[in-house]
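Undergrad: For reference, the structure I am asking about is given below.
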Amino acid sequence: MKIEVNGEFHDIDVTTLHELLHKLDYVDTIVATARNGTFVRATDRPLTRLEPDDRIEILVPRQGG
Amino acid sequence: MDKAFTLYGKTFQSRLMLGTAQYPSPDVLARSIRASKCEIVTVSLRREAGGSRAGEDFWQLIKQQNVAVLPNTAGCHSVKEAVNTAQMAREVFGTNWIKLEVISDDDTLQPDVFALVEAAGILARDGFEVFPYTTEDLSVAEKLLQAGCALLMPWGAPIGSGRGLNNPYGLRTMRARFPDVPMIIDAGLGAPSHAALAMELGYDGILLNTAVAKAGDPVLMAHGFALAIEAGRAGYLADPIEPRDMAVPSTPVFGRAFT
């Protein structure tokens, strides 16, 4: 399934957002997620089913002004 | 006796809030935070390049500084982007605080005040404590307060411009119009004297980033801003004299020789 993650397309075999994070090695990392522009809580990731062409954001703490 | 610097029920000694971006190194950032004596730093959420763990390293460094964090929505251009970014930040940083930025113009990074008011209302109703990056427009300020903001953060000048206070008259008017609302000058300062002037106008605090991070010596500049903010606050509280056009001798005229 083709999914856009942080602006880059991935052809990846996953069904949920939780699985996607595991595949991309974000298991022990503090991240925030959004699907198609809408925030997805950490607790909702296992229930969030992905569909082709979904746009996923995986964000981490960074410097800010 | 100075009143406490209180933001959404939390009281701070330092009236300086420092951004964490653009420093030459993490070590300089950490030393600048300490030199500034700030108790609040701003942070953001961003994408991370595959395999990199820079975000985790940065977050560990900030946690070691023993400061409060104020996440921002920098770069957001719509209500939806800002609201969702705020929700993501709340989960990651574990705070209801959000520095709300909704940008309308990429050249000036001027806030989109219409979207700002709308987003502020949505977030306040959702339990956020909103720090709105706004202009000195009084009607917008009024709307932000009505939307649930308990403080205001008008710009001094465009972000990163280092111009100081572009509109001292407007900022003086804003201070007078909302005497009991905590107000912080956010953005556009370049030198400690700019911060001192803002504090002399009666502003409660200063939020800055570029002026320290991009200085030749960020650590020393952080110290300079800390001193300037204290000096400006003391000057405001001490009730300065009114300027006048003609000189008035400070040395007593009575008893002068050769008269």
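The values are calculated or read from the model by the stated rules, or taken from the named source; none is laboratory data. Model, not experiment: these values are computed from the prediction. Here the Cβ is made from the backbone with ideal geometry for all residues, glycine too, and neighbour counts use every protein chain on show. Please note that ligands, DNA and RNA were not included when accessible areas were found on the heavy atoms of the full protein model with its side chains. Shrake-Rupley method; radii C 1.70, N 1.55, O 1.52, S 1.80 Å.
Undergrad: Could you go through the range B:191-200 in sequence order and give the Karplus-derived ³J(HN,Hα) for each residue, using 6.51 cos²θ - 1.76 cosθ + 1.60 with θ = phi - 60°, rounded to whole Hz, and x for Gly and Pro?
TA: 9, x, 4, 4, 5, 4, 4, 4, 5, 5
Undergrad: To the nearest hundred square angstrom, how large is the accessible surface buried between A and B, total for both chains, probe 1.4 angstrom?
TA: About 2400 Å² of accessible surface is lost on pairing.
Undergrad: Let me ask another. Mind checking which of B:E200, B:E230, B:E142 has the largest fluctuation in a GNM of chain B, springs on alpha carbons under 10 Å?
TA: Comparing B:E200, B:E230, B:E142 in a Gaussian network model of chain B, the most mobile one is B:E142.
Undergrad: While we're on this one: Taking chain B as a Gaussian network, where each spring joins two C-alpha atoms under 10 Å apart, which residue of B:R53, B:R34, B:R172 fluctuates the most?
TA: B:R53
Undergrad: Using 0.36 nm per residue of separation minus the Cα-Cα distance, give me the extension gain between B:F254 and B:Q13 in nm, one decimal.
TA: Extra length from B:F254 to B:Q13 when fully extended: 82.2 nm.
Undergrad: So what's the back-of-envelope 222 nm ellipticity for chain B, counting only DSSP H runs of four-plus at -39500 (n - 2.57) apiece and dividing by all residues, rounded to 500?
TA: My calculation for chain B gives -12000 deg cm²/dmol from helical runs alone.
Undergrad: Okay, moving on. Reachable aspartates and glutamates from A:K23, Cα under 18 Å, same-chain residues fewer than 8 places away excluded?
TA: A:E4, A:E8, A:D11, A:D13, A:D44, A:E51, A:D53, A:D54, A:E57, B:E48
Undergrad: Which value at 222 nm does chain A reach when only helices count, each DSSP H run of 4 or more adding -39,500 (n - 2.57), with the total divided by all residues and rounded to the nearest 500 deg cm²/dmol?
TA: Taking each H run of at least 4 residues, the total per residue is -2500 deg cm²/dmol.
Undergrad: On to the next question. Of B:T134, B:T108, B:T210, which has the largest mean-square fluctuation in a 10 Å C-alpha GNM of chain B?
TA: B:T108
Undergrad: Along the charge dipole of the range A:2-59, Cβ charges K/R +1 and D/E -1, which of A:F39, A:T16, A:L59 sits furthest on the positive end?
TA: Value computed over the given set: A:F39.
Undergrad: Looking at the square roots a ≥ b ≥ c of the eigenvalues of the Cα gyration tensor of the range A:2-59, which shape do they give, rounded for a/c under 1.5, prolate if a/b is larger than b/c, or oblate?
TA: Note, shape of the range A:2-59 comes out rounded.
Undergrad: Given N residues in the range B:86-242, what is its alpha carbon radius of gyration divided by 2.2 N^0.38 Å?
TA: After normalising by residue count via 2.2 N^0.38 Å, the value is 1.04.
Undergrad: In debye, nearest 20: dipole of chain A around its Cα centre with unit charges on the Cβ of K, R (+) and D, E (-)?
TA: 260 debye
Undergrad: Along the charge dipole of the protein assembly as shown, Cβ charges K/R +1 and D/E -1, which of B:Y203, A:I30, B:I103 sits furthest on the positive end?
TA: Projecting each Cα onto the dipole axis, the largest value belongs to B:Y203.
Undergrad: At a Förster distance of 51 Å, what's the computed FRET efficiency of B:E56 paired with B:I241, Cβ-Cβ distance as r, to 0.05?
TA: 0.45
Undergrad: Under a Cβ-only charge scheme (Lys and Arg +1, Asp and Glu -1), can you give me the dipole magnitude of the protein assembly as shown about the Cα centre, in debye to the nearest 20?
TA: Dipole of the protein assembly as shown, to the nearest 20 debye: 940 debye.
Undergrad: Let me ask another. Give me the percent of Cα-Cα pairs in the protein assembly as shown that sit more than 36 Å apart, rounded to a whole number.
TA: Cα-Cα pairs of the protein assembly as shown separated by over 36 Å account for 25 percent.
Undergrad: Still on this model: Return a whole-number percent for the relative contact order of chain B, with Cα pairs under 8 Å and 6 or more residues apart as the contact set.
TA: 19 percent
Undergrad: Taking the Cβ of A:I30 as the center, what net charge do the other residues with Cβ under 12 Å away carry, scoring Lys and Arg +1 and Asp and Glu -1?
TA: Residues near A:I30 contribute -2 overall.
Undergrad: Moving on. Counting heavy atoms of the protein chains only and a 1.4 Å probe, report the per residue accessible area for chain B as a whole number of Å².
TA: Per residue, chain B has 47 Å² of solvent-accessible surface.
Undergrad: On C-alpha positions alone, give me the angle between the axis of helix B:54-64 and the longest principal axis of chain B, in degrees, nearest 10.
TA: 50 degrees
Undergrad: Here's something else I'd like to know. For the range A:2-59, with every protein chain kept in place, what is the accessible area per residue (1.4 Å probe, Å²)?
TA: 56 Å²
Undergrad: With the full set of protein chains in place, find how many percent of the accessible area of the range A:2-59 is carbon and sulfur; take the probe as 1.4 Å.
TA: 44 percent
Undergrad: Per residue in the range B:21-56, which ones lose no less than 50 Å² of accessible surface when going from chain alone to all protein chains (1.4 Å probe)?
TA: B:R46, B:R47, B:E48, B:R53, B:E56
Undergrad: Right, here's the next one. Report the charge-dipole magnitude of chain B in Debye, nearest 20, computed about the Cα centre from +1 at each Lys and Arg Cβ and -1 at each Asp and Glu Cβ.
TA: Once rounded to the nearest 20, the dipole reads 540 debye.
Undergrad: Something else now. Using the alpha-carbon atoms, what tilt in degrees (0 to 90, nearest 10) does helix B:168-177 show relative to the longest principal axis of chain B?
TA: Computed tilt is about 80 degrees.
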